[in-house]
1. Please find, within the stretch 255-269, the residue that is surrounded by the most Cβ atoms within 10 Å (Cβ to Cβ) out of those that are within 22 Å of Asp336 (Cα to Cα) and out of contact with any Leu (no Cβ under 8 Å at 6 or more places or on another chain).
2. Hey, can you tell me all the residues within the stretch 145-180 that are charged (D, E, K, R) and free of Cβ contacts under 8 Å to residues at least 40 places away in the same chain?
3. Criterion first (crowded, with 17+ Cβ neighbours inside 10 Å and among the small types (Gly, Ala, Ser)) does Ala45 satisfy it?
4. Scan Glu295, Glu244, Glu236 and give me the residue that is in contact (Cβ under 8 Å) with a residue 24 or more places away in the chain, surrounded by fewer than 16 Cβ atoms within 10 Å (Cβ to Cβ) and out of contact with any Asp or Glu (no Cβ under 8 Å at 6 or more places or on another chain).
5. What are the residues in the stretch 19-51 that are within 27 Å of Ala63 (Cα to Cα) and either among the β-branched types (Val, Ile, Thr) or outside the structural domain of Ala84 (by TED's automatic domain parsing) (or both), if any?
6. Give the residue that is farthest from the chain's Cα centre (by Cα), with candidates limited to residues of the stretch 327-353 that are surrounded by fewer than 14 Cβ atoms within 10 Å (Cβ to Cβ) and more than 16 Å from Ser379 (Cα to Cα).
7. Give the number of residues within the stretch 298-319 that are surrounded by 14 or more Cβ atoms within 10 Å (Cβ to Cβ) and either outside any strand (DSSP E or B) or out of contact with any strand residue (DSSP E or B) (no Cβ under 9 Å at 6 or more places or on another chain) (or both).
8. Would you call Thr281 outside the structural domain of Asp21 (by TED's automatic domain parsing), surrounded by 13 or more Cβ atoms within 10 Å (Cβ to Cβ) and not acidic (Asp, Glu)?
Amino acid sequence: MTDKILRLFVKGYDAERARTDPLLRRKCGSAVAVIGIALNLLLAAIKLAAGLLSGAISITADAVNNISDALSQIVSLIAFKISARPADREHPFGHARIEYVAAMVVSFVILFVSVTLLSESVKKIITPMGVDYSITVMVILAVSVLAKLWLFAFGRSAAKRLKSDVIRAASADSLSDAGATFAVLISAIVAKLSGFDIDGYMGVIVAVIIFVAGIKVLNETKNSILGSAPEPEVVEGILKIAHEYEAILGVHDMVVHNYGPGNTICSFHAEVDGKADIFETHDCIDLIERRLYSEMGIRATIHMDPIVTDDEKVSALRALVADAVKAIDGRLTIHDFRYVEGVTHSNLIFDVTVPFEIKENNGVLEERICAKISEIDSSYFAVITIDRE
């Protein structure tokens with residue numbers, strides 16, 4: 001459904017290209033925003049009329065909420081236009097992160113609406129007013145719920161296709177709106193059947209639903225701005241391409257920077273045979289970097305780590321150290337292993353990758369690993385670098 005709609009509004013639409021082509025992505029995002037603006041303004045006009053006719057504060061507030069949704073979509077529209085701008089001297093990584101800022105603005109709008117609605121609803125509870133719910137009003141509310149659910153499904157699907165936080169934020173808002181309007185509909189049905197006015201109480205429920213949605217959007221956007229871990233499929237995709245080449249013996253120290261949708265920069269260390277032809281190995285590294293950009297849109301910088309592969313003693317020691325480290329915690333791994341033999345003692349130099357879930361202090365962890373190494377042979381000194389994953 002989403003592809004059909006976007007194909008209708010965007011000339012030359014292609015689902016795959018929309019993720020990586022900034023111009024096409026902007027057109028698609030703009031189309032989603034325009035559809036949201038039009039539908040929200042239409043719903044706001046209808047609900048405002050229904051609210052004024054019935055005297056229900058919850059319906060009028062729901063109409064105002066739809067107006068705020070339209071404003072949020074306008075913010076999305078502006079964000080897509082700015083994010084498509086090319087990189088310049090002041091913004092060498094482009095402008096795509098503006099979408100995260102826009103999503104945060106949307107979250108603040110949602111929170112403001114919820115607080116305003118809560119205030120008005122409490123006033124309505126303290127000073128009740130007569131409400132006249134007609135069949136027409138209830139039909140309007142029911143249609144509004146369905147329309148908002150459709151807008152949520154459409155927005156969520158479009159957000160996945162375009163990898164857009166701002167569209168995801170707007171779609172989450174649509175889902176909370178559907179719940180809010182449903183609560184108002186329940187209020188109308190109860191009032192019609194029992195004559196008991198729960199309009200103010202439902203207004204409070206609606207305000208809480210909207211507030212929770214706003215907090216959720218704010219939290220997700222905050223993570224994008226602060227910097228969050230890369231998606232598992234991104235890491236898996238990078239590793240899959242790297243390990244397709246026999247020259248790559250291992251990958252570690254991977255760092256993935258996200259400068260907005262379609263603008264990802266990655267660096268990692270690739271372990272290679274220290275005795276292999278350096279030109280052939282470098283050619284392999286070049287191929288991997290080119291494939292990561294062409295297939296995943298990732299600009300990668302790969303550092304070559306030469307390791308010893310044909311020394312039986314070094315290989316045996318590497319295996320012993322790996323087992324010793326895993327004996328402390330099965331989630332620990334080692335890389336960049338080197339062996340420097342001396343007269344009175346020998347140095348075992350290596351890095352230990354430590355997942356964030358392991359809270360143990362780095363110094364304490366090093367002491368425990370050194371003790372394990374000494375158990376193998378007291379003349380072995382461990383020189384350890386701790387890498388938090």
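1. It comes out as Phe268.
2. Passing the criteria: Arg156, Lys160.
3. Taking the combined requirement at face value, the residue does not satisfy it.
4. Checking each option against the conditions leaves just Glu295.
5. Within the stretch 19-51, Val32, Val34, Ile35, Ile37, Ile46 meet the criteria.
6. Of everything passing the filter in the stretch 327-353, Ala327 is farthest from the chain's Cα centre (by Cα).
7. 6
8. Against the criterion (outside the structural domain of Asp21 (by TED's automatic domain parsing), surrounded by 13 or more Cβ atoms within 10 Å (Cβ to Cβ) and not acidic (Asp, Glu)), Thr281 qualifies.
The values are calculated or read from the model by the stated rules, or taken from the named source; none is laboratory data. No experiment lies behind these values; they were computed from the predicted model shown. All Cβ positions, even for glycine, are placed from backbone atoms using ideal geometry, and neighbour counts span all protein chains on display.
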